[in-house]
Each structure stands twice: as C-alpha cells, then as structure tokens.
Amino acid sequence: MAVKPANDHVIVPFTERIVGVSTAVLRAVGEPAVASGTRITSPSFAVDVKNGCNGVEAMLILLAAVLAFPAPWRSRLAALAAGALVIQVLNLVRVVSLFWLGAHHREVFDLFHTAVWQTLLILTAVGLFVLWSRRVGGRGARA
Amino acid sequence: MGLAPRVAAGFLAGLLLWWTGTPAYNRLLVAASEPALRLSERPAATRLYAEERRIVVDRADFASRSERPSLPGDDLTLNVILLLALSATRRRLFRDRGVLHLLAALGALGLTHVAAVVVAVKALYATQLGSWSAAHYGAVSRNLWVGAAHFYRVAGCWAVAFVLWWAVVRPGVSAASPPGRPGRRRGPRRASRPRERG
C-alpha cells in the first residue's frame, strides 16, 4: 500500500471514489460539500482523506486473516466480498460523520477521528473474521 | 448480557480508559522507554517528556533554541480499546481467573507500547531531523526503522491486541470449532469414559 505506484494508481483513485460518494451523501443531508481529488471542502470545514481513512487497512487485515485460515476458496472469496462491502459501507458512514462532526462539533472531531472510528473499523474486520471462521470451522481441510 | 452489548461496553470502557488515562500513561511510558532507548546510545543522549497526549523527544546534543520534535503518544496506545472490546466477548470475564488473564494481556500490551515508542523515536531520528538524520542513519537503517514504525501503525498495533486477546484472554472455546460440535469447556472436566472395544 505504501509502494508508490500502487498508491498512485490504485489507492488514490479508490480514495477519490470514496470522497465522491461521501460528498454526494453529505450534499444529500444538506452540507454544502465539494469534492476535489481526495479532499472534501465546505465553507466551514475541510478534510483530506488519506491512507488510513479509506478502509483499505481494515480490508487488508481481513484479507490476510481470511487467506491464512484453512477454508474452501469459495468460502474465502465470499467472505472477502461481503467483508469488503461491510467495511466500505461503514467507512462511508465514518467519512460522512467525521466531516459532519468537524463542521458542527469540532471539539469531539479528534476523539472520533483518532480513536472511535479507527477502532470500530478494525473491530468490525476482526468480528467478521471471527464469525466467518466459526461458521466455516474445520471444513477447510480441502483448501 | 448478550455479545453485542458486552462488546459495546468493552469498547466504551476502553475508550474511556484510553481518553482519560493517556496523559498519566504517557508519563509511565516515557519513564520505561527512555532507558530502553538509551541502551543503544553512546553517550546516552535521549530524553523523553510526556506533554498531555504527546511524547516530546529531546536530546543532549540538540541546540537549546531548536524546536523539540514530538510523537502522538495516544496513537501508539490506541489498541488498548480493541483489546478491551475483544476481551468483553469472554463470558464471566470477572470470574474464573478472567481478570488475571486480562491483566496479563494488558501488561504484555504495555511492553509492546514501550517497543513502539522506541521504534517511533528511532524512525523520527532516522528521517525527520534533516542533515543530522542523513549523517547518523544509512539508507538501510532509515528504511528499517520507518518500515517498522509504519507497520506498527498500520497493522502491528491491531495485530498485537488481537493476538493477546486470542492467546491470553479469549475463552477456551475454539473459534474454529465446526458447527454443532462444542468447543473445550472451562471448569471441572469429567473423567473420560474408556472407549469400548468391540
């Protein structure tokens, strides 16, 4: 992820999509937000969505755990697809809520940015893995 | 209490502990990390101070008027929230030696925090101090320290909390038990019945 070509050609465009969707949601709830690359700006607040705020780390952690767990490939792929979807939906809520908090309740922005959302996202990835691993159990002997 | 409320309670307890305890914990952390850093220094020059949620790095050879770099101490110790949230999944956490297991995990987590501060300070020395960094750290050691610090921030800190929960706090029920087959039980075991042979 930190390798520059991968960052420039995969991660940044992916983050720009997240910013685009987040901005659309923000505008739908009445925030005068504008997207520009990886930035969301409004007259009262601005954020630059960087690595660590795009949900990719949580997806990579889930990917590593699922690939390392003995399970059939079909089950692994289903878990990865569902997990990525859940993580990205949650990350969308994260970006939108953080922007809203920054614009209207700046005093708690740092707490939610640093601690609450980071931990919630990782906790979700871990929870998804634990639930999935309990479901597939020892059926991975063929994998 | 169901699983979700327990996890939520553990998450909130961790958040409260981390948010209110960070300034005091940072003082403890710098007191433990400074001697660890000085082990590799000749002469020992590093001095660490806790300033609220940040850790300030000072050196005996810094110019007296230059600005002191600092690290976000709270970012390095954030994984305590994950550990407490995961630990809350254990039923009867406050019984059956659960508290002892939790304290052991928290102690081990504290040791990893000391290592994280040491690595973060080394990464700062290797890359953030301009010509001083270039004069004292080669390309390999620069990449090594920054890579280690980056790895900890991206995945390592979460992996440590997960492993400590999995290995120390988690109940004996295997997460990999096939459906319908009970995992290992805690508490007194029944004597196993000898298998009949036909």
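Restricting to segment B:71-107, name every residue that is loosely packed, with under 14 Cβ neighbours inside 10 Å, in a helix (DSSP H, G or I) and charged (D, E, K, R). Within segment B:71-107, no residue meets the criteria. The combined condition, being of a type in the set (Gly, Ala, Ser), surrounded by 16 or more Cβ atoms within 10 Å (Cβ to Cβ) and within 21 Å of A:Val19 (Cα to Cα), is not fulfilled by A:Ala79. Note on segment B:1-55: among residues that are among the β-branched types (Val, Ile, Thr) and under 14 Å from A:Ala115 (Cβ atoms), the one that is surrounded by the most Cβ atoms within 10 Å (Cβ to Cβ) is B:Thr22. Can you tell me which residue within segment A:1-30, out of those that are under 24 Å from A:Ala115 (Cα atoms) and assigned to a loop (DSSP other than H, G, I, E, B), is modelled with the lowest pLDDT? Within segment A:1-30, the match that is modelled with the lowest pLDDT is A:Met1.
State whether the residues of segment B:36-48 include one that is free of Cβ contacts under 8 Å to residues at least 60 places away in the same chain, under 20 Å from the mean Cα position of the chain (by Cα) and over 18 Å from B:Leu111 (Cα atoms).
Checking segment B:36-48: not a single residue is free of Cβ contacts under 8 Å to residues at least 60 places away in the same chain, under 20 Å from the mean Cα position of the chain (by Cα) and over 18 Å from B:Leu111 (Cα atoms).
Among the residues of segment B:100-121, are any within 14 Å of chain A (Cβ to nearest Cβ), closer than 21 Å to A:Ala115 by Cα and among the small types (Gly, Ala, Ser)? No, the conditions are met nowhere in segment B:100-121. For segment B:97-156, a residue qualifies if it is more than 23 Å from the chain's Cα centre (by Cα) and either closer than 23 Å to A:Leu121 by Cβ or among the aliphatic types (A, V, I, L, M) (or both), and the qualifying residues are B:Leu129, B:Ala134, B:Ala135, B:Ala139, B:Val140. Residue count for segment A:114-125 satisfying the condition of being touching a residue at least 40 places away in the same chain (Cβ under 8 Å) and within 17 Å of A:Ala65 (Cβ to Cβ): 4. Taking B:Asp96 as the residue in question, decide whether it is in contact (Cβ under 8 Å) with a residue 60 or more places away in the chain and at positive phi. So B:Asp96 passes the test. Inspection of segment A:39-48 finds a residue satisfying the criterion of being surrounded by 21 or more Cβ atoms within 10 Å (Cβ to Cβ), among the β-branched types (Val, Ile, Thr) and out of contact with any Gly (no Cβ under 9 Å at 6 or more places or on another chain). Taking first residues from segment A:17-37 that are touching a residue at least 12 places away in the same chain (Cβ under 8 Å) and within 15 Å of A:Gly55 (Cβ to Cβ) and partners that are of a type in the set (Val, Ile, Thr) and part of a loop (DSSP other than H, G, I, E, B), the Cβ contacts under 8 Å between residues at least 6 apart in sequence or on separate chains come to A:Ile18/A:Val49; A:Val19/A:Thr38; A:Val19/A:Val49; A:Ser22/A:Val49. Is it fair to say A:Pro70 is touching a residue at least 24 places away in the same chain (Cβ under 8 Å) and farther than 25 Å from B:Cys157 by Cβ? Criteria met by A:Pro70. Checked against (1) of a type outside the set (Lys, Arg); (2) away from chain A (no Cβ under 13 Å); (3) without any contact (Cβ under 8 Å) to a residue 40 or more places away in the chain, B:Gly147 passes all but condition (2). Of all residues assigned to segment B:73-92, none qualifies as being among the acidic types (Asp, Glu) and more than 13 Å from the chain's Cα centre (by Cα).
Six or more apart or on different chains, Cβ under 8 Å: which pairs go from a residue in segment A:77-90 that's at pLDDT 95 or above to one that's not polar (S, T, N, Q) and not in a helix (DSSP H, G or I)? Could you list them? Hits for this filter: A:Ala79/A:Ala71; A:Ile87/A:Gly55; A:Gln88/A:Gly55; A:Leu90/A:Gly55. The helices (runs of 4 or more DSSP H) found wholly in segment A:38-143 and carrying at least 3 residues that are at the interface with chain B (Cβ under 8 Å from one of its Cβ atoms) occupy A:56-68, A:117-136.
Tallying residues that are surrounded by fewer than 18 Cβ atoms within 10 Å (Cβ to Cβ) and within 22 Å of A:Trp117 (Cα to Cα) within segment A:64-76 yields 1. Filtering segment A:49-61 to residues that are buried (at least 21 other Cβ atoms within 10 Å of the Cβ) and of a type outside the set (A, V, I, L, M, F, W, C) leaves A:Asn54, A:Gly55, A:Glu57.
The values are calculated or read from the model by the stated rules, or taken from the named source; none is laboratory data. Values in this document were obtained by computation on a predicted structure and should not be read as measured data. For neighbour counting, all protein chains shown are included, and Cβ atoms are generated from backbone atoms with ideal geometry for every residue, glycine included.
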